[in-house]
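Just below is one structure, and these are the notes that go with it.
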Amino acid sequence: MTQIAILGGGSWGTALAILLAQNPKGHGVSLWVHDPALAEALRRDRVNAVYLPGWAIPPGVRVTPDTGEALAGARIVLGVMPSAHARGVYTQALPHLTPEMVFVSATKGLEPHTHARMSELLAQVVSPKFAPRIAVLSGPSFAAEAVRGDPTAVVLASRDAKLAATLQEELSGPAFRLYTNDDVRGVEYAGAMKNVIAIAAGACQGLGLGSNSLAALITRGLAEMTRLAVALGALPETLSGLAGLGDLVLTCTGALSRNRRVGVELGQGRALGEILAGMRMVAEGVHTTDALRELARAPGVELPITEQVYAILHGQRSPREAIRAIMERPLKRE
């Protein structure tokens, strides 16, 4: 039986714990939860009422706020924490990590301030101890739908083809299908960038705009994502796959999207601070917007949608003014 440790007890971490514990292959699963009170509630009630209400956590899942206990005997370590806390969590875990472990980052975001991708960050933390074997998991996957058993397809990327194939076989389930990819950089950038476009998509809905506007935004958003990702060393075809187009469509149109929800409320006139204060879960796109603007400077990549999302988030323009600014840009070829 393969032992799997999941670091992060939010909605996606909890969903993965349930999916992997129910996998017919038979996994041993431990779920590390940062908040001891939440961990105790999960152990007692076997439901994550805060982040994934309504779905029972199988009895075999070991829930703990102790990093060492969670990692004991683990063969696969899944990182599912918010990007802002990833370095701290991996640093805390470092004394318990061993070369026999393989790592899968399922966090869709960039580290604030450094703008490091999660696989980069993980390598930076672990490499002084040993050279970690790393893969990343991304793609269109709302936690509540995946745990409900809706057919879900995601992508697992690693530069180590053998590792990717092994993890693909280990983590796939009856309704949870994994495709492999070797473009780690493209998969990670796509997973971060789509959140910014989703804020813009939500703002369109909040303003009462219809399907024409949303279709245009998704299409031009994908073009913007591809330009920057390729300039940063990604493959363009990755942006047409599950981590790019797939997750972009889901996040821009799905009612469960946290980033889209932020945009909707901004479009309805609420202040960003008020919106974020009322959310328990992290909307990664809020911090990613600043990172993308900085990453685009050196290669000189134009990010018109990201620029307007930045202006909205920083109170420089209203959502309606931002839409007008995009529409009034100089006319050009597609």
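Worth a mention:
- Matching entry among Arg75, Arg43 (being within 16 Å of Gly9 (Cα to Cα), at pLDDT 95 or above and of a type in the set (D, E, K, R)): Arg43
- Count of residues meeting criterion [crowded, with 20+ Cβ neighbours inside 10 Å and under 19 Å from the mean Cα position of the chain (by Cα)] in the stretch 103-131: 14
- Search result, residues across the stretch 5-45 that are crowded, with 24+ Cβ neighbours inside 10 Å and of a type in the set (Val, Ile, Thr): Ile6, Thr14, Val29, Val33
- When each of Arg297, Arg317 is tested for being in contact with a helix residue (DSSP H, G or I) (Cβ under 6 Å, 6 or more places away or on another chain), without any contact (Cβ under 8 Å) to a residue 40 or more places away in the chain and more than 18 Å from Thr251 (Cα to Cα), the lone residue that passes is Arg317.
- Applying the set (1) modelled with pLDDT under 95; (2) within 17 Å of the chain's Cα centre (by Cα) to Val262 leaves exactly one unmet item: (1).
The values are calculated or read from the model by the stated rules, or taken from the named source; none is laboratory data. Small disclaimer: the values here were computed from a predicted structure and weren't measured. Heads up, the Cβs are rebuilt from the backbone with ideal geometry, glycines too, and the neighbour counts pull from every protein chain shown.
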